[in-house]
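Trainee: Could you have a look at this structure, given as C-alpha cells, before my questions?
What follows is calculated from the coordinates using simple rules that are stated; it is not laboratory data. Remember, predicted model here, so these are calculated numbers, not experimental data. Cβ coordinates were reconstructed from backbone atoms using ideal geometry, including for glycine residues, and neighbour counts include every protein chain displayed.
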Amino acid sequence: MTRRIPVAAGAALLLPTAAVSAQSGQPYSVQGSAFATTMSVGEKVVGGMGVEFQLRDNDLVATRRGVLSAGLGVQATSHSRGADRINLRGLFLEPRYTFALRSERWFPYAAARLALLQQDANFATSSSGFGAGLGGGLVYGIARRVNLDLGGALLRQSFGDAEYTRAGPFLGGAVTFPAFTGYALKVGVNIGLGSG
C-alpha cells in the first residue's frame, strides 16, 4: 500500500498520509517556522517570538494507521520585559507521529521535543540548559511538495545559574532559573525533498 508521507513541522511538517486514498510522498523535507512562546524569569512570565529550521526524515516507520518521522533542527527566540532581554538558542530533536485519515489534505499529528539550550541576557552571563515537551498540530497539504503546519506544545525548560553583570544592588550575585513550564504556538511551511 503506497502512502502520502507527512512532511515536517515545527516546533516544528509532514506530507499527508492517508489510510484509504493513499498516495506517495517525499522521503525528506526542510521546514521553517515562526512561533510565539513563554519563559519564566523568577516570578515573571515573559513572552517571546522566535524561529526554527529543521530537516526531517519523513519515513522512519509507516503503518496503515500513520507515519513516524523525526526532525533535527535549530531554534532561536528573544524575550524582553522592560529593559531586560533574554535570548535563547538551541538544537532540538522532534519525533512526530502523523495519523492516517481519509482526508488527502488534513493530517493531525502528535509530537515530542528534546532540546539542548543556551541563554544569554543583557543583565547576566550566559548559561546552558535543556527542554522537553509534548504537543501536536495539524498539517495541511497546499501542493504535492508544500505543506502548512499549525502546532502547539507544552515545554518544560531549565537553565543553570548565571551571574548578574548589570550595575546595581545585585551585581556579583547569582541569577537563578528555576525549572519552568511554558508553551509554544507555531506556524510553518515545509518543502518535500527527494523523489516521490
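Trainee: Tell me, what HN-Hα J-couplings in whole Hz come from the Karplus equation 6.51 cos²θ - 1.76 cosθ + 1.60 at θ = phi - 60° for each residue of the range 71-85, using x for Gly and Pro?
Mentor: x, 10, x, 10, 9, 8, 9, 10, 10, 9, 8, x, 7, 8, 9
Trainee: Go through the range 90-105 residue by residue and turn each phi into a ³J(HN,Hα) via Karplus (6.51, -1.76, 1.60, θ = phi - 60°); whole Hz please, and just put x for glycine and proline.
Mentor: x, 10, 9, 10, 10, x, 8, 10, 9, 7, 7, 10, 6, 5, 9, 10
Trainee: Next question. The range 114-192 to the range 66-93: how many Å between their Cα centroids?
Mentor: Between the Cα centres of the range 114-192 and the range 66-93 lies a distance of 4 Å.
Trainee: Using packing as a proxy for protection, rank 115-125, 67-77, 145-155 so that the peptide with the highest average count of other Cβ atoms within 10 Å comes first. Mind showing how you got there, number by number?
Mentor: Values: 115-125: 17.7, 67-77: 21.4, 145-155: 19.7.
So the peptides 115-125, 67-77, 145-155, ranked by packing, come out 67-77, 145-155, 115-125.
Trainee: From the phi angles alone, apply the Karplus equation (6.51, -1.76, 1.60; θ = phi - 60°) to the range 116-126 and give each ³J(HN,Hα) in whole Hz, x where the residue is Gly or Pro.
Mentor: 9, 10, 9, 10, 9, 10, 7, 10, 7, 6, 7
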